[in-house]
Structure formats: C-alpha cells, structure tokens
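The values are calculated or read from the model by the stated rules, or taken from the named source; none is laboratory data. Just so you know, these numbers come straight off a predicted model, no measurement behind them. Every residue, glycine among them, receives a Cβ derived from its backbone with ideal geometry; neighbour counts consider all protein chains shown. The protein model used for the area step is the full one, side chains on, heavy atoms only, and it has no ligands, DNA or RNA in it. Shrake-Rupley method; radii C 1.70, N 1.55, O 1.52, S 1.80 Å.
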Amino acid sequence: MDEQRNEEIRPVNPRRRKRSKMQIFKEAYLPVVIAGAALLLIVIFIIGSISRSIQIKNAEKEASIAASSSVQAEYERLAGEVSSLMLQADYLASIYDIPGAIAVLESFSGDASEFPELGAKINELNDELSNMTVWSDPAQVTSLSFQLLIADAERAFSNGTYGTAYNRNFITVGEFQKILQQLYDNGYILVSLDDIFATETTESGTEVLRAKSLFLPTGKKPLLLTQTNVNYNTYMIDGDGDKLPDKDGAGFASKLVLDADGTLTCQMIDSTGSAVTGAYDLVPVLDAFIEANPDFSYRGAKAVIAVTGYDGLFGYRTNAEAEETFGSDVYYDEIAAAGEIAYALRESGYEIACYTYENVPYGEYSEAQIEADLSGWTAEVMPILGEVDILTFAQNSDISDVTPYTGAKYNLLSNAGFKYYLGFCSEGNAFASVTDDYARIGRILVTGSNLAYHADWFTGMFDAASVLDTAARGTIPS
C-alpha cells in the first residue's frame, strides 16, 4: 500500500474583496446622515410649530385689536348719528313738529338701549305731545292781511297823488315790526294753508278737502298772514314817468331781490336816487323776525304772497307791454329774475296766490269779465309761477256771501285750479269754511284807518294804538 502523505490540511482562505465607497458610506455614514436629517426635520418641525403658534397668536392679537377698533369705530359712528338725530329733533320740536321729531329719533339705526339719552328724549317729546292743544276748526285760525309796507313814511304820506290813500290803506315797516313782536308775545304762531287743510282720498277713490288738526303748545294760537299786490307797481315807485324806479317814488321798495348769499331782500331807490338793499318790505322783515324767533313759525310756515300780473311780478316788468317798452333782452331777463324770486319764496316757506290779473273785483264782474281777466293770468303769469291754487280776492270783493259757492263764477274759478279762497272780513268778523272741493278763509285787513278807527278788531292780537306811528302819519283818513 502506498504510504500516504502526511500533509497538513488547511482551510481554504480566499482573497478578501475590497469594500466599495458606497458600502462604506452606507455602513459608516448613512445612519449618521439619516439621524442628522431626522433631527433636522424634528428641529424644523419644532421651529415651524413655534413660528405658527407665534403667527396664530399675533393674528389673534391683531384680530382682537382690529375687532376692538371696529367696535370702537362703530360705537363712535352710532354716537355721531345719535348726536345728529338729537339736533334734528330739537329743531323740529322748536317749530312744533313734535311727531316729526319723534319719528327722526326713532329712525336710529343702532340699539337704542345703548344710548339712554335717546329714549329719554323720545319720552320727553311724547309727554310734550300729550300736553298740546288741538286746533281742528279753521275758523279759529286768525287771518291778517297787509298790503306793501311803506319804507319811507315821509315820501309816502306827502305824495301829492296818493299820499292820503297810502295813509289810509297801508302801514309802515316800523308798524309791522311792532305788530310782529306783539303777536309773538301774545302766543301766536304762523301756519300755512297746508297746515290747516289737507286732501284725503275716500274709499271710492275721490279726493276731498278736509280740515286738519293742529297740535300746538297750550297757550299758543295759529295765525295766517297774507300780503297782497306784491308787484311794486310802477305808479308807486316811478316819479318822473319813465317807468323806472327813482327818488321821486312814494317810498316803497322797488323789487324783491336775492343778495350775494341767495337770501331774499328788497331793493329801493332812496330819496337821494341811490339803489339800496335791505328790509324794506314784509318778506325780509318777517324772515329776520323768524330767524331771531324760530318758534314763531309752525313747521317753517311764513305768509301767503298774493300777486297780480298786469304790471309784472315782484317788481319785475313781466307783462307783455314791457317788451315793447324795454326791449326783448331786458324783458326776458325780467321774466327769468321773477322766476328765481318765485322759487326762492316757495323754498323759504311762502305760498304764492293769485290776486286777480288786474286787481279787479270779481264779485262785481260778470263771468265773461272774470274769464277775460284770468286769460291774462294764464298767458303771462302761469308760465313764470306754474300752477297756483290760492285765489285772494281783490278790492274787498268776493263772488258770494253764501257757503258753499255755486254757479258759473265758482265753476270758472274751480276749473282754473283754485281750491283756496281768501276773502275779507267785513267789520273784522272772522270766518272760515271747508267743503269737499274748496276752503274759504276771511282776512282781517290791517290798514292805517282800521288801526286808528277799528282797534277793537285786533284785541288780543296787538294794541293798535301803540303800533300806530302818529308822528309820521298826522291825521289818519277814515
């Protein structure tokens, strides 16, 4: 047998492979990178969470500040609204429109409970309203009527042609101012025709005229004022015959004008021939008195201004003959100016009435004569004034002493659009009536002779003797 080699048996030891960089990275660095990235993500998350928390808190803080500012701004807005409403209510209450004042306060857009002064004012006004006196009879409304006021008594009463008539039928600016003061002191308050009457619609759809109820403080009395023939006619202001106002006029204002502020006033040619403006007639005198005493006017009422048309309007020569006298340019300027005065009067609280076209007595006129007179009004006056529903009878002449009106004359006037008729009070006996179709009121005429010889007509209103300027008048014609 062959002898076996006694050789040492050794394990196989293959040659080692060298590790790649990727293996080294995975084994040695990747866990560290992953751990670092995880830690970074955790840190970012924590920082983000903290940042978001800060942002949320800041946003909440800003929202809270904004909300607080918004609440404060809204409160200030509502407080301003309350202040404005209170001022409006005070004004309305001062002119006796208590229901209007209450309505203004109740229009508040916020929660009234947050402003206790609002509720207190409403309660105060309701108490005042419950203590007012109700006037529901138009015959209880005192109605006084004036012609143009004399601004320069010396020129008026010494006028060779009309001085006696002026002394008898007119009063002066100073006398009128005294009358206003005494009326005010005796508790009178100006009202308008629209305060006394209203149009209502019946269930059948027919419109009818009704007397309204006036709510006035106890002790106060309603007063309607009228001024007639507010035309400043040429014969009163033109002394030399050229149809223009001059120093030889009779001491009356020559026209109503608007001053630089748009306020109604008068122009007059004084005794030196200078054109001056001021309170030379009823409108500016009354406006100044109401401005000083706003509680003299109920809801802004002033007076009825009655005009003719044959010699123009408000001192402007708007009658057809004026175009031939002064030329077309002047004529149309006069028409435009008269329209501006009419608008300003109405805006200021005055009502405008027809005093017939030619200052004529409709009571003595036939139907045909009245129709002819109204045609002049329709042609020359209505295009400037528009519709007028008040007729003030001229020359102390009414179409009837009987109520209700009937007949052809009334039908003619009714068809012309008149629904208020202002007559005159014979012997100072006041009257008023209302039907479905029209209302009628008598005017007590305030003249020099009536003040002198019928002082009892004005008892309770004013003291006629203390009003009269006897020094300027001398003997007053009866």
Quiz item: Would the range 165-178 turn up any residue that is open to solvent by less than 80 Å² (accessible area, probe 1.4 Å), closer than 26 Å to I352 by Cβ, within 25 Å of the chain's Cα centre (by Cα) and in contact (Cβ under 8 Å) with a residue 12 or more places away in the chain?
Solution: yes
Quiz item: Residues in the range 136-144: is at least one closer than 30 Å to T218 by Cα, open to solvent by less than 70 Å² (accessible area, probe 1.4 Å) and in a helix (DSSP H, G or I)?
Solution: yes
Exercise. Would you confirm whether any residue within the range 196-203 is more than 20 Å from R346 (Cβ to Cβ), modelled with pLDDT under 95 and not acidic (D, E)?
Key: yes
Self-check item: Subset tally (residues that are assigned to a helix (DSSP H, G or I), touching a strand residue (DSSP E or B) at 6+ places or on another chain (Cβ under 9 Å) and not hydroxyl-bearing (S, T, Y)) for the range 228-250
Solution: 1
Self-check item: Residues located in the range 425-448, provided they are among the charged types (D, E, K, R) and at pLDDT below 95
Solution: E427
Quiz item: What number of residues within the range 312-350 are of a type in the set (D, E) and touching a helix residue (DSSP H, G or I) at 6+ places or on another chain (Cβ under 6 Å)?
Solution: 1
Self-check item: Residue check, R155 among the charged types (D, E, K, R) and within 26 Å of the chain's Cα centre (by Cα)
Solution: no
Exercise. Specify the residue that is least open to solvent (accessible area, probe 1.4 Å); the eligible residues are those in the range 414-426 that are out of contact with any Gly (no Cβ under 6 Å at 6 or more places or on another chain) and of a type outside the set (F, W, Y).
Key: L422
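Yes/no matrix, rows are residues, columns are (1) in contact (Cβ under 8 Å) with a residue 60 or more places away in the chain; (2) open to solvent by 10 Å² or more (accessible area, probe 1.4 Å); (3) under 30 Å from L92 (Cβ atoms); (4) in contact with a His (Cβ under 9 Å, 6 or more places away or on another chain):
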{"position": "D242", "(1), (2), (3), (4)": "no, yes, no, no"}
{"position": "A250", "(1), (2), (3), (4)": "yes, no, no, no"}
{"position": "D259", "(1), (2), (3), (4)": "no, yes, yes, no"}
{"position": "S274", "(1), (2), (3), (4)": "no, yes, no, no"}
{"position": "L286", "(1), (2), (3), (4)": "yes, no, yes, no"}
{"position": "E291", "(1), (2), (3), (4)": "no, yes, yes, no"}
{"position": "P294", "(1), (2), (3), (4)": "yes, yes, yes, no"}
Quiz item: Is there a residue being of a type in the set (D, E), touching a Lys or Arg at 6+ places or on another chain (Cβ under 8 Å) and in contact (Cβ under 8 Å) with a residue 40 or more places away in the chain anywhere in the range 436-458?
Solution: yes
Quiz item: Take the residues of the range 106-131 that are more than 12 Å from V82 (Cα to Cα) and within 23 Å of the chain's Cα centre (by Cα): which is modelled with the highest pLDDT?
Solution: L125
Exercise. Scan (1) hydrophobic (A, V, I, L, M, F, W, C); (2) more than 24 Å from Y421 (Cβ to Cβ); (3) in contact with a Gly (Cβ under 6 Å, 6 or more places away or on another chain) for the single condition F326 breaks and write down its number.
Key: (3)
Practice problem: Could you tell me whether the range 451-473 includes any residue that is in contact with a His (Cβ under 9 Å, 6 or more places away or on another chain) and on the phi > 0 side of the Ramachandran plot? | Solution: no
Quiz item: Does K302 count as under 21 Å from I390 (Cα atoms) and basic (K, R)?
Solution: yes
Self-check item: Selection status of T228, in contact with a helix residue (DSSP H, G or I) (Cβ under 8 Å, 6 or more places away or on another chain) and among the polar types (S, T, N, Q)
Solution: no
Practice problem: State whether the residues of the range 188-201 include one that is farther than 23 Å from A288 by Cβ, small (G, A, S) and either part of a strand (DSSP E or B) or touching a strand residue (DSSP E or B) at 6+ places or on another chain (Cβ under 7 Å) (or both). | Solution: yes
Exercise. Give the range 81-99 a look and list any residue that's farther than 20 Å from L214 by Cβ and touching a residue at least 24 places away in the same chain (Cβ under 8 Å), or say none.
Key: E81, V82, L85, M86
Exercise. Take A156 and decide whether it is open to solvent by less than 60 Å² (accessible area, probe 1.4 Å) and either in contact with a Leu (Cβ under 8 Å, 6 or more places away or on another chain) or not aliphatic (A, V, I, L, M) (or both).
Key: no
Exercise. Can you give me the number of residues within the range 86-135 that are open to solvent by 70 Å² or more (accessible area, probe 1.4 Å) and touching a Phe, Trp or Tyr at 6+ places or on another chain (Cβ under 7 Å)?
Key: 1
Exercise. Would you be able to tell me the number of residues in the range 373-413 that are outside any loop (DSSP other than H, G, I, E, B), among the hydrophobic types (A, V, I, L, M, F, W, C) and open to solvent by 60 Å² or more (accessible area, probe 1.4 Å)?
Key: 1
